[in-house]
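Peer 1: Attaching a single structure in structure tokens format; questions to follow.
The values are calculated or read from the model by the stated rules, or taken from the named source; none is laboratory data. The shown structure was predicted, so the numbers you read here are calculated from the model rather than taken from an experiment. For neighbour counting, all protein chains shown are included, and Cβ atoms are generated from backbone atoms with ideal geometry for every residue, glycine included. Side chains included, ligands, DNA and RNA excluded: accessible areas come from the protein's heavy atoms. Shrake-Rupley method; radii C 1.70, N 1.55, O 1.52, S 1.80 Å.
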Amino acid sequence: MALSIQETIQEADRCVACGLCLPHCPTYFKTGSEADSPRGRIQLISAVAKGILPNNDRFKDHINGCLSCRNCETACPNGVSYGAIIDTTRAITHQPNTLTRLLGWLANKPRWLAFFSALLRFAQSSGLLTLVSNVNDRLAKKIALIPELTSTQNWQTLYPAKHAKRGDVSLFLGCITNAFDAETLRASVYVLTELGYDVHIPSTQACCGGIARQQGDTKKADTCTRDNQQAFQPDWPVLTVASGCGAGLKDYTELPLQDISEFLMTCDWHDIKLAPLDKHIALHEPCSLRNVMKAAKPVANLLAKIPQARVTPMKGNQQCCGGAGTYMLHQPEMADALLADKMKLLSQETFDIVATSNIGCAIQLGSGVRQAHMPVKIMHPVTIIAKQMGFQSELD
């Protein structure tokens, strides 16, 4: 929810400074600085909002260093809406760099974003990106963020159920997922139609607004919220495949939102035969899925349906991977430090697949896996399920 300055002060004043949030905060864990903890940031925000402290660069650095993982909310005994406080504060602190500004512009230009994705796919398949990585160390880390790309998709507004119809659902595409992971969206349509659902994809849907909100552009974020509220049928479940998008939509719209894995666990699977998968799967929990969507358990239950699959929760799931929307682009040092922790824990066991339900986490974890030359695939849980149902992936 959006807050006024006065409402921000009131919400900040609900913090009793007990400190229970501190052990759950990734940036406090890394820096040990009170100003980089939820408690410290709330006190700073309150002081600046009241005019006690200046809104200077030092203050902005501490605010922009927040991942918005919202681990702190799960530990707060007073139920302080930290997410709303930090979103409101970003409107007066965030200063996007050239890369995040470009991404913010592209997020609301789907055709341009698709064209950009196609260019990257060509550069990737031709070996051009590898060549650039080999001669420019600075660009190599940015290039490592690019996942293995598949073709983009011209979506129909309706994909009818393939068997006896059981209901209607809407599918939220998401700007980054649509451009960089259309494979997961195609897999989602495949699974849902096989289960007997008509899948509706409104052509007027927009970005979730998360990138704009993270950049402090509340006007653009509010426009995205309004467009999505109008685009979707309020009587059908609106399913998301990216928990980061889902969290933003849940916070700022009244749509009947569900993570796709959560919805799939309510479906009738009696007529569905899943092929065995003799693979070890590390199950990653995105912060947005666990802390905002409250839908981490259904993902594990969904993957447990696959015969012979061994599913193990990824160590360190309670801490953010450092992806956090565009955080990896404008706060690379902290993002890299958090990613290094994840890679260290991941290397302690042998896995074939890392399953994650958020595109930002998939990009961040994929970057770490590629740089460490680990023989591990990063996949969405629904794509894993779809392949065992017969879905033909471009990445096979």
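Peer 1: Quick check on Met343: is it under 18 Å from the mean Cα position of the chain (by Cα) and either open to solvent by 10 Å² or more (accessible area, probe 1.4 Å) or not aromatic (Phe, Trp, Tyr) (or both)?
Peer 2: No: the conditions fail for Met343.
Peer 1: Could you check how many residues of the range 278-290 are in contact with a Cys (Cβ under 7 Å, 6 or more places away or on another chain) and either part of a loop (DSSP other than H, G, I, E, B) or open to solvent by less than 10 Å² (accessible area, probe 1.4 Å) (or both)?
Peer 2: Matching residues across the range 278-290 total 2.
Peer 1: Moving to a separate point now. Where the second residue is open to solvent by less than 20 Å² (accessible area, probe 1.4 Å) and the first is aromatic (Phe, Trp, Tyr) and lies in the range 341-361, which pairs have Cβ atoms under 8 Å and are six or more apart or on separate chains?
Peer 2: Phe351/Ile281; Phe351/Ala282
Peer 1: I'd like the full set of residues that are free of Cβ contacts under 8 Å to residues at least 40 places away in the same chain and more than 22 Å from the chain's Cα centre (by Cα), limited to the range 140-159.
Peer 2: Within the range 140-159, Ala140, Asn154 meet the criteria.
Peer 1: Restricting to the range 149-176, name every residue that is at pLDDT 95 or above and among the polar types (S, T, N, Q).
Peer 2: Gln156, Thr157, Ser170
Peer 1: A further question follows. Kindly indicate the residue of the range 152-182 that is in a loop (DSSP other than H, G, I, E, B) and among the polar types (S, T, N, Q) and also most open to solvent (accessible area, probe 1.4 Å) among those meeting that condition.
Peer 2: Selected residue: Asn154.
Peer 1: Further, regarding this structure: When Ala140 is evaluated against the numbered criteria (1) open to solvent by less than 30 Å² (accessible area, probe 1.4 Å); (2) modelled with pLDDT of 95 or more, which criterion, by number, is the only one it fails?
Peer 2: Ala140 satisfies every listed condition except (2).
For (1) more than 22 Å from Gln215 (Cβ to Cβ); (2) in contact with a strand residue (DSSP E or B) (Cβ under 6 Å, 6 or more places away or on another chain), each residue gets a yes or a no:
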residue	(1), (2)
Ile281	yes, yes
Leu302	yes, no
His330	no, no
Glu349	yes, no
Asn358	no, no
Gly368	yes, no
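Peer 1: While we're looking at this one, here's another question. Of everything in the range 362-381, what is open to solvent by less than 10 Å² (accessible area, probe 1.4 Å) and out of contact with any Leu (no Cβ under 7 Å at 6 or more places or on another chain)? Give them in sequence order.
Peer 2: Leu365, Gly366, Val369
Peer 1: In addition: Does Leu255 meet the test of being under 22 Å from Ala2 (Cα atoms), in contact with a helix residue (DSSP H, G or I) (Cβ under 7 Å, 6 or more places away or on another chain) and not in a helix (DSSP H, G or I)? Let's see the steps before the verdict.
Peer 2: Details: under 22 Å from Ala2 (Cα atoms): yes; in contact with a helix residue (DSSP H, G or I) (Cβ under 7 Å, 6 or more places away or on another chain): yes; not in a helix (DSSP H, G or I): yes.
Yes; evaluated as a whole, the condition is true for this residue.
Peer 1: Suppose we keep only residues that are open to solvent by 100 Å² or more (accessible area, probe 1.4 Å) and assigned to a helix (DSSP H, G or I) within the range 92-105. Which one would you say is modelled with the highest pLDDT?
Peer 2: Checked the range 92-105; the qualifying residue modelled with the highest pLDDT is Trp105.
Peer 1: Additional query: Looking at Ile385, Ile353, Ile359, which is the one that is touching a Leu at 6+ places or on another chain (Cβ under 8 Å) and at pLDDT 95 or above?
Peer 2: Numbers: Ile353 fails: touching a Leu at 6+ places or on another chain (Cβ under 8 Å); Ile359 fails: touching a Leu at 6+ places or on another chain (Cβ under 8 Å).
Ile385 is the lone residue from the list that is touching a Leu at 6+ places or on another chain (Cβ under 8 Å) and at pLDDT 95 or above.
Peer 1: Looking at (1) within 29 Å of Asp61 (Cα to Cα); (2) modelled with pLDDT under 95; (3) surrounded by fewer than 20 Cβ atoms within 10 Å (Cβ to Cβ), which is the one condition that is false for Gly325?
Peer 2: Tallying (1) within 29 Å of Asp61 (Cα to Cα); (2) modelled with pLDDT under 95; (3) surrounded by fewer than 20 Cβ atoms within 10 Å (Cβ to Cβ), Gly325 fails exactly one: (3).
Peer 1: Looking only at the range 291-319, count every residue that is open to solvent by 40 Å² or more (accessible area, probe 1.4 Å), assigned to a loop (DSSP other than H, G, I, E, B) and of a type outside the set (A, V, I, L, M, F, W, C) and tell me the total.
Peer 2: Counting residues in the range 291-319 that are open to solvent by 40 Å² or more (accessible area, probe 1.4 Å), assigned to a loop (DSSP other than H, G, I, E, B) and of a type outside the set (A, V, I, L, M, F, W, C) gives 6.
Peer 1: Which residue out of Asn78, Asn71, Asn55, Asn108 is under 20 Å from the mean Cα position of the chain (by Cα) and open to solvent by 30 Å² or more (accessible area, probe 1.4 Å)?
Peer 2: On the way: Asn78 fails: under 20 Å from the mean Cα position of the chain (by Cα); Asn71 fails: open to solvent by 30 Å² or more (accessible area, probe 1.4 Å); Asn55 fails: under 20 Å from the mean Cα position of the chain (by Cα).
Answer to the check: Asn108.
Peer 1: Restricting the search to the range 346-361, which residues are surrounded by 16 or more Cβ atoms within 10 Å (Cβ to Cβ) and not β-branched (Val, Ile, Thr)?
Peer 2: Selection gives Leu346, Phe351, Asp352, Ala355, Ser357, Asn358, Gly360, Cys361.
Peer 1: While we're on this one: Considering only residues that are closer than 15 Å to Phe263 by Cβ and either of a type in the set (Gly, Ala, Ser) or without any contact (Cβ under 8 Å) to a residue 24 or more places away in the chain (or both), which ones fall in the range 163-182?
Peer 2: Passing the criteria: Gly167, Ser170.
Peer 1: Any idea which residue in the range 227-277 is surrounded by the fewest Cβ atoms within 10 Å (Cβ to Cβ), counting only those that are polar (S, T, N, Q) and under 16 Å from the mean Cα position of the chain (by Cα)?
Peer 2: Among those that are polar (S, T, N, Q) and under 16 Å from the mean Cα position of the chain (by Cα), it is Gln258.
Peer 1: Is there any pair linking a residue in the range 183-200 that is under 13 Å from Phe263 (Cα atoms) and open to solvent by 10 Å² or more (accessible area, probe 1.4 Å) to one that is outside any strand (DSSP E or B) and hydrophobic (A, V, I, L, M, F, W, C), with Cβ under 6 Å and at least six apart or on different chains, and which?
Peer 2: From residues that are under 13 Å from Phe263 (Cα atoms) and open to solvent by 10 Å² or more (accessible area, probe 1.4 Å), the pairs are Tyr197/Ala161.
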